[in-house]
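Below is one structure, written out as structure tokens; comments come after it.
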């Protein structure tokens, strides 16, 4: 379980600040919950998917990282 954390703005949790800065968001804001970050085995950011994108739409991206 996670506690509620801020993902945007000056009080953003450090994890989300890192994810936003190092993904295709280029530091921009996460538009809404259910935005998804895909990481490789080493923890590198392999992709960011908007909330409207279903995980089934990037199965091939996941499989390429396995």
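Numbers for the structure displayed
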read-out: Residue check, residue 9 assigned to a loop (DSSP other than H, G, I, E, B), in contact with a helix residue (DSSP H, G or I) (Cβ under 6 Å, 6 or more places away or on another chain) and surrounded by fewer than 10 Cβ atoms within 10 Å (Cβ to Cβ); value: no
read-out: Residue within the range 28-42 that is without any contact (Cβ under 8 Å) to a residue 12 or more places away in the chain, out of contact with any helix residue (DSSP H, G or I) (no Cβ under 6 Å at 6 or more places or on another chain), under 23 Å from residue 66 (Cα atoms) and part of a loop (DSSP other than H, G, I, E, B) present; value: yes
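Just so you know, all these numbers are worked out from the coordinates, no wet-lab data involved. Being a predicted model, the structure only gives us computed values, none of them experimental. We place every Cβ from the backbone using ideal geometry, glycine too, and count neighbours over all the protein chains shown.
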